[in-house]
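What follows is a short report on a single structure.
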There are 2 protein chains.
Amino acid sequence: MKQSLTNASHEPLTGATTDPVQRVASADGTTPGDGASGRKVRIEEVARLADVSPITVSRALRNPDMVSDARRARILDAVARTGYASNPHARALKSGRSNLVALFLSSIASQQYTMAAEACSKVLEAAGYQVVMGRTSYSYARESLLIPAVMDMRPAAAFITGVMELEANRNFLRQLDIPIVESWAYAADPIDMLVGFSNTDGVALVVRHMAERGYADVGFIGRNSGRGTIRRQAFETFCGQAGLRVQGCVTVANVHSIADGRVALNDILDRHPDIRALFCANDLIAFGAMLAARERGLRVPDDLAIVGFGDSDVLAEVPPGITTVSVDSAGIGRAAGEALVLRLGGKEPPQRSMLFPVTLIERGSS
Amino acid sequence: MKQSLTNASHEPLTGATTDPVQRVASADGTTPGDGASGRKVRIEEVARLADVSPITVSRALRNPDMVSDARRARILDAVARTGYASNPHARALKSGRSNLVALFLSSIASQQYTMAAEACSKVLEAAGYQVVMGRTSYSYARESLLIPAVMDMRPAAAFITGVMELEANRNFLRQLDIPIVESWAYAADPIDMLVGFSNTDGVALVVRHMAERGYADVGFIGRNSGRGTIRRQAFETFCGQAGLRVQGCVTVANVHSIADGRVALNDILDRHPDIRALFCANDLIAFGAMLAARERGLRVPDDLAIVGFGDSDVLAEVPPGITTVSVDSAGIGRAAGEALVLRLGGKEPPQRSMLFPVTLIERGSS
DNA sequence: TTGTAAGCGTTATCAG
DNA sequence: CTGATAACGCTTACAA
């Protein structure tokens, strides 16, 4: 498709700092109409227009069933004409509950969480909720500060990418008695709901794969907390059962970059040169480990096999590919959003605890 | 560092779905104290405890200067003892302004925006603001729906990753009269503030680089709207000036994956087989193009040079590296956050329009 | 510097 | 099914 060069808004390029930002006169199809005209319409004005009392307008909007068809029609018409939108703060103040949904992310820089968050937001926004973000930064201290701050907003529900680990925070959230989804792990007693997968099952797949491929001397790189701990323990247990020798595990504080993986690989191989297969906290770490291994003159997978976790969609397409445990992040987010919306609508989701399957994707690194 | 295997909370692994989620009894250093005890404290209770009127408590918290030192001390003590936090909705209802800051992202799946958003959030949260997210999904229709919805929350300020392109939405935002930062481009008349960089300058660097390397027949892959248009126009203009022949440009709807880049490369080379150097909308596209070029038997950069835009930190570390225009995304986000916080505090930032430098990073792909 | 009174815009409650 | 009334918790305006 040859690009047409017609260009209405072309400004002269000075060669310096003039970017001709494209402006668009009107939306393609969507015209906000009066809604976009700064002035704030109050419920009373709508009521006058529809010749009813304010409370009836409120009911027509919140509990349509409580209002007769005729009036409801008049009211909705008046709402449309005025572009009325109720003041969420007044609503929250009176009802004690807002249209906000809290989204707790360890970091918005992590692919997996971000995909889940995006999918979850999509569902929530479609149902008329707004998303408030909280970045816990993988820190308990920060988590404990953040939770009250966000919860002061009286969110109607919350989605947590992960499992809340501090007992105090769990109790705090439980007391709020709002729909809450924890995720990304299996927990026997979630605060409220759970949309997760079994890290343990994932690790089992990895160990079985390593055993099938005939790797006997193995190692692990991961965080020393939360899911990192779960995975390491599971790894050691399953390796024991399968007769694989865990030569060594190294702990890294950060698992967010290829560089972290490079450092960790050199660390673990310096200590445990016999390792022939390596299980890494995630694909970024695994990829960094692979690069560093090659730099040490090792062939991957011939001299060292590497397996990741989480199936990063970017790295999936970079040859030779990292063998990894695949988890449907977007699916988790979507399911979480749907469960929350159901509960917020007074309905009950099919189950309060959902486990997504994990699968092993074999690629070139093992 | 050999991982110690001591493990208090180790549960037996069934081999199925039991993840021993690590629980932590108390925060490391931070104990929210009464704050975490469900009950909501009202300003009146604090006032009683400090033996002042509610309004004085309010002032001690909002305008400390208006309250005498002695009383302020008593009040702050009472606040600490009760764990009081003012109800943000009541505050917003009365004052007409919340402690929310709206964050408009085209997509939270884009590395660059996400980094800026994270850096911006960090600054805002440190100053006591909460972030509400809006995902515009690169769609005008969605943008027009989203903006009123988010603005109904009476955010105190807004950060837009990009420049608002629809005139109607610009006007709407302008009328709100709150601090707003647009970003990621140069605009002569920002709605309020701008923290950007010159896309045009970035493209100039690319063209100069291509000319220096002796590539005469070039092509472009990008989106056909917004910054995509800016870059294509700049590319064509500068190529004209430098004597490079633009053999062809192709437009892609999505620029979010390596796969999109693969498709685009095959498309453009099928149409314009003479192209020797290619400028791509971003590094993901560039990387996909590189992979596809190799699959066609072309050597990169010998047969085809490839340049990206935006400096993805993941791909930066994947050999041979993509030559790219580097932009300090986190810096932009941080600067945006700081400008907003200053304005929200009644101060004026050094400048309302800031331009970050762009630099070319030469790597193996060209 | 401090307090009093009133009201932000909505919805819960209760009466009709 | 509909409406009057009060109240959600705080802060602006004004008075002391």
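The values are calculated or read from the model by the stated rules, or taken from the named source; none is laboratory data. Everything quoted here is computed from the prediction, not taken from an experiment. Every residue, glycine among them, receives a Cβ derived from its backbone with ideal geometry; neighbour counts consider all protein chains shown.
Of everything in the range A:223-252, what is aromatic (F, W, Y) and either under 21 Å from A:M164 (Cβ atoms) or within 10 Å of chain B (Cβ to nearest Cβ) (or both)? Give them in sequence order. The answer is A:F238, and nothing else.
Here is the figure for the range A:184-201: residues that are touching a Phe, Trp or Tyr at 6+ places or on another chain (Cβ under 8 Å) and modelled with pLDDT of 95 or more total 2. Of all residues in the range A:90-129, those that are out of contact with any Pro (no Cβ under 8 Å at 6 or more places or on another chain) and within 14 Å of DNA strand C (Cβ to nearest atom) total 9.
Please work out which residue is surrounded by the most Cβ atoms within 10 Å (Cβ to Cβ), limiting yourself to the range A:196-224 and to residues that are of a type in the set (S, T, Y) and farther than 21 Å from A:G288 by Cα.
A:T200
Listed by first and then second residue, the pairs with beta-carbon distance under 9 Å, at least 6 apart or on different chains, first residue in the range A:49-67 and within 14 Å of chain B (Cβ to nearest Cβ), second within 8 Å of DNA strand C (Cβ to nearest atom) and in a loop (DSSP other than H, G, I, E, B), are A:L61/A:Y84; A:L61/A:S86. Of everything in the range A:253-282 that is within 23 Å of the chain's Cα centre (by Cα) and within 10 Å of another protein chain (Cβ to nearest Cβ), the residue that is surrounded by the fewest Cβ atoms within 10 Å (Cβ to Cβ) is A:S257.
Does the range B:75-86 contain at least one residue that is touching a helix residue (DSSP H, G or I) at 6+ places or on another chain (Cβ under 8 Å), within 13 Å of DNA strand C (Cβ to nearest atom) and within 11 Å of chain A (Cβ to nearest Cβ)? The answer is yes; a qualifying residue exists. Residues in the range A:309-336 that are in contact with a strand residue (DSSP E or B) (Cβ under 7 Å, 6 or more places away or on another chain) and either part of a loop (DSSP other than H, G, I, E, B) or among the small types (G, A, S) (or both): A:G310, A:D311, A:I322, A:S326, A:V327, A:D328, A:G331, A:A335, A:A336. Residue-level analysis places A:R334 among those that are surrounded by 18 or more Cβ atoms within 10 Å (Cβ to Cβ), under 30 Å from A:P64 (Cβ atoms) and in contact with a helix residue (DSSP H, G or I) (Cβ under 8 Å, 6 or more places away or on another chain). Every listed requirement among (1) away from DNA strand D (no atom under 16 Å from the Cβ); (2) more than 10 Å from chain A (Cβ to nearest Cβ); (3) not in a helix (DSSP H, G or I) is met by B:V123 save one, (3). Can you tell me which of (1) away from DNA strand C (no atom under 16 Å from the Cβ); (2) modelled with pLDDT of 90 or more is the one A:T136 doesn't meet? So the condition that A:T136 fails would be (2).
Yes or no: the range B:346-354 includes at least one residue that is closer than 30 Å to B:L304 by Cβ, assigned to a loop (DSSP other than H, G, I, E, B) and touching a residue at least 24 places away in the same chain (Cβ under 8 Å). No.
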